[in-house]
Amino acid sequence: MVEAHLKYPILLSIAAAVLTLVLKSAAYFLTSSVGLLSDAVESLVNIIAAATAYLSLRYAARPVDESHTYGHEKIEFFSSGLEGVLIVVAAAAIAWYAGQRLLVPQPLRPLELGLALSLIASLLNGVVAVVLLRAGRRHGSIVLEADGWHLLTDVWTSAAVFGGLSLVWLTGLQLLDPLIALAVAVNILWTGFRLIRRSFDGLMDRALPPQEQAAVRAAIERHLGPNMDYHALRTRRAGRRRFVDFHLLVPGRLTVQEAHTLTGWIEESVRSALPDLEVTVHIEPIEDRASWRDSALLPLEEARRARSGMDAPSQGL
Ligand SMILES: [Zn+2]
Ligand SMILES: [Zn+2]
């Protein structure tokens with residue numbers, strides 16, 4: 001289950017998004033402005049985003065079980081991928097509709113009431129965004145903070161639409177309306193692509209970012225004694241959890257007890273380098289040539305060491 005301090009802010013953001021969608025849709029039907037329609041579509045995207053965030057948090061929080069021994073965090077990549085695709089479709093629909101309006105202009109109905117509704121919706125979003133950001137910071141929740149920042153960017157989008165339509169209202173230049181909608185569509189498209197990319201990286205087990213890998217390597221190297229080495233380091237992420245595994249090469253004469261104690265220190269050191277990290281170590285005798293031929297990663301790592309000017313691994317001592 002999701003803890004209450006995460007649950008209520010997310011439910012609040014979903015409720016606010018539904019209310020915003022109703023207000024903005026009403027604004028569109030009153031004015032027939034594509035600018036306001038694009039703003040309404042963005043609210044719909046927010047509802048989908050908040051709902052999938054909530055559902056995936058619930059699922060990801062499940063403990064490990066016999067059929068999911070690595071945990072359930074990867075669900076986050078499915079939900080953000082789905083969200084990304086929906087967002088791209090929404091952006092394409094707005095762009096198509098706005099393009100039609102550019103080619104075949106249609107007169108706008110009076111804008112005043114629509115603009116007022118849009119303003120109320122934006123104020124509501126702004127307040128909820130601040131609540132989410134505060135709750136996120138207080139509880140150290142990335143999901144809540146991301147939701148809050150997302151909402152805040154939407155407030156800026158709505159403000160831009162509001163400003164543009166106010167200009168239409170003042171000058172009577174109706175061509176501005178589809179142009180505003182196109183700008184909003186491009187903005188939404190960008191959000192969608194970012195989400196799809198994040199899911200792709202997660203599902204493809206992309207390695208941790210270079211600075212995190214460097215922290216892991218430093219944590220391992222801190223405990224390496226003479227005539228010891230490590231290789232075949234693999235890193236990946238699933239939701240908020242990080243997974244690290246590697247081969248630890250030690251002198252073959254060490255007892256199981258000694259090697260395990262050493263491994264315990266190294267594991268502890270790696271775990272304290274980064275939060276939510278799980279580490280698995282494979283121990284092998286450094287003198288055995290077979291230890292140096294057991295991973296497709298070894299040539300890559302050797303090239304990396306050569307590039308960084310370190311000594312080549314002391315192969316087959
Ligand atoms: Zn153990
Ligand atoms: Zn090995």
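The values are calculated or read from the model by the stated rules, or taken from the named source; none is laboratory data. These figures come from a predicted structure and were not determined experimentally. In this analysis, Cβ positions are derived from the backbone assuming ideal geometry, glycine residues included, and neighbour counts consider all displayed protein chains. Just so you know, the surface numbers come from the protein's heavy atoms only, side chains and all, with ligands and any DNA or RNA stripped out. Shrake-Rupley method; radii C 1.70, N 1.55, O 1.52, S 1.80 Å.
When segment 245-270 is filtered for residues that are touching a strand residue (DSSP E or B) at 6+ places or on another chain (Cβ under 9 Å), crowded, with 17+ Cβ neighbours inside 10 Å and part of a helix (DSSP H, G or I), the ones remaining, listed by number, are Ala259, Leu262, Thr263, Ile266, Glu267, Val270.
Please state which of the following conditions Thr255 fails to meet, knowing it meets all the rest: (1) away from ligand 1 (no atom under 16 Å from the Cβ); (2) over 29 Å from Tyr70 (Cβ atoms); (3) of a type outside the set (A, V, I, L, M, F, W, C). Of the numbered conditions (1) away from ligand 1 (no atom under 16 Å from the Cβ); (2) over 29 Å from Tyr70 (Cβ atoms); (3) of a type outside the set (A, V, I, L, M, F, W, C), the odd one out for Thr255 is (1).
For segment 270-317, the set of residues classified as polar (S, T, N, Q), at pLDDT 90 or above and away from ligand 1 (no atom under 15 Å from the Cβ) consists of Ser272, Ser291, Ser295, listed by residue number.
Out of contact with any helix residue (DSSP H, G or I) (no Cβ under 6 Å at 6 or more places or on another chain) and closer than 26 Å to Ser141 by Cβ: does that describe Arg237? Criteria met by Arg237. Here Arg240, Arg234, Arg222 are screened, and the one residue that is touching a residue at least 12 places away in the same chain (Cβ under 8 Å), open to solvent by 60 Å² or more (accessible area, probe 1.4 Å), in contact with a Pro (Cβ under 9 Å, 6 or more places away or on another chain) and more than 16 Å from ligand 1 (Cβ to nearest atom) is Arg240. The condition (being hydroxyl-bearing (Ser, Thr, Tyr), within 30 Å of Glu284 (Cβ to Cβ) and not in a loop (DSSP other than H, G, I, E, B)) is satisfied by just one residue among Thr235, Thr191, Thr153, Thr157: Thr235.
Residues in segment 271-313 that are more than 16 Å from ligand 2 (Cβ to nearest atom), open to solvent by less than 80 Å² (accessible area, probe 1.4 Å), assigned to a loop (DSSP other than H, G, I, E, B) and in contact with a strand residue (DSSP E or B) (Cβ under 9 Å, 6 or more places away or on another chain): Leu274, Asp276.
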